[in-house]
Amino acid sequence: MPLKRRFFVTIFLTLLACSWVRADEAAYPLDLPALKVHSPGQPVRTFTLRTLQSMPATTVTARGPADERVSEWRGVPLAYLLRQLHVSPPANAQLRMRALNDYSVIIPASDINRYSPVIAYQRDGQPMPVESLGPLFLMYPFDQHHELRTQKYYNRAIWQLSEIFIE
């Protein structure tokens, strides 16, 4: 095959492969369950993305825990979600956050009022597909509170958040 033709075939196949990879990153369906909240003495509450997006939202501008790119993370303040459930955990309570891959992390309830973490459903104005750490990401305002820039808090910024257990 002539060099010029091989070059164009290679470019075409590369572009085709790139477009196929992006097709896999579909947005999470708005009406499927996205988050479950377990609270003692209450039934499990399930939220879809549509339900979460209908709640008052806030935006946190911060670097993600695993990259240096500053992004705008839009979502529901964790404190607001808990108030909607009539849950007010004492300051010494813990919230266990679980991801789709079963990773879990403990968040002290004191973080809620002190740092106002957000259950983000958008990054830079775009929904977050599961393949890109979505559909939900618990984001702390790392760039507003310098004390958050430690591994302890980066670990609490859980991506692919799927369940919250109030303990």
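Among the residues of segment 140-158, the ones that are buried (at least 18 other Cβ atoms within 10 Å of the Cβ) and in contact with a Ser or Thr (Cβ under 9 Å, 6 or more places away or on another chain) come to 2 in all. Quick one: count up the residues across segment 135-156 that are part of a helix (DSSP H, G or I) and of a type outside the set (S, T, Y). Selection size over segment 135-156: 7. The set of residues in segment 131-141 being at pLDDT 95 or above and over 8 Å from the mean Cα position of the chain (by Cα) consists of Y140, P141.
Anything in segment 83-105 that is over 21 Å from M128 (Cα atoms) and either among the hydroxyl-bearing types (S, T, Y) or touching a residue at least 60 places away in the same chain (Cβ under 8 Å) (or both)? List them, or say none. Selection gives V87, S88, P89, A93, Q94, L95, R96.
I'm checking my understanding of the structure. Among residues of segment 33-55 that are closer than 20 Å to A109 by Cα and buried (at least 17 other Cβ atoms within 10 Å of the Cβ), which one is modelled with the lowest pLDDT? Out of the qualifying residues, it is S39. Among all residue pairs at least 6 apart or on different chains, which show Cβ distances below 9 Å where the first residue, located in segment 111-136, is touching a residue at least 40 places away in the same chain (Cβ under 8 Å) and the second is assigned to a helix (DSSP H, G or I) and of a type in the set (K, R)? As it stands, the answer is D111/R156; P117/R156, since those pairs meet every condition given.
For first residues located in segment 138-158 and more than 20 Å from L82 (Cα to Cα), partners that are assigned to a loop (DSSP other than H, G, I, E, B) and hydroxyl-bearing (S, T, Y) and lie 6+ apart or on another chain with Cβ distances below 7 Å form the pairs L148/Y140; Y153/Y140. For segment 56-79, a residue qualifies if it is more than 16 Å from the chain's Cα centre (by Cα) and either assigned to a helix (DSSP H, G or I) or at pLDDT 95 or above (or both), and exactly one does: P56. Within segment 85-123, restricting attention to residues that are among the aliphatic types (A, V, I, L, M) and in a loop (DSSP other than H, G, I, E, B), the residue that is surrounded by the fewest Cβ atoms within 10 Å (Cβ to Cβ) is A91.
The values are calculated or read from the model by the stated rules, or taken from the named source; none is laboratory data. What you see is a predicted model; the values in this text were computed from it and never measured. Cβ coordinates were reconstructed from backbone atoms using ideal geometry, including for glycine residues, and neighbour counts include every protein chain displayed.
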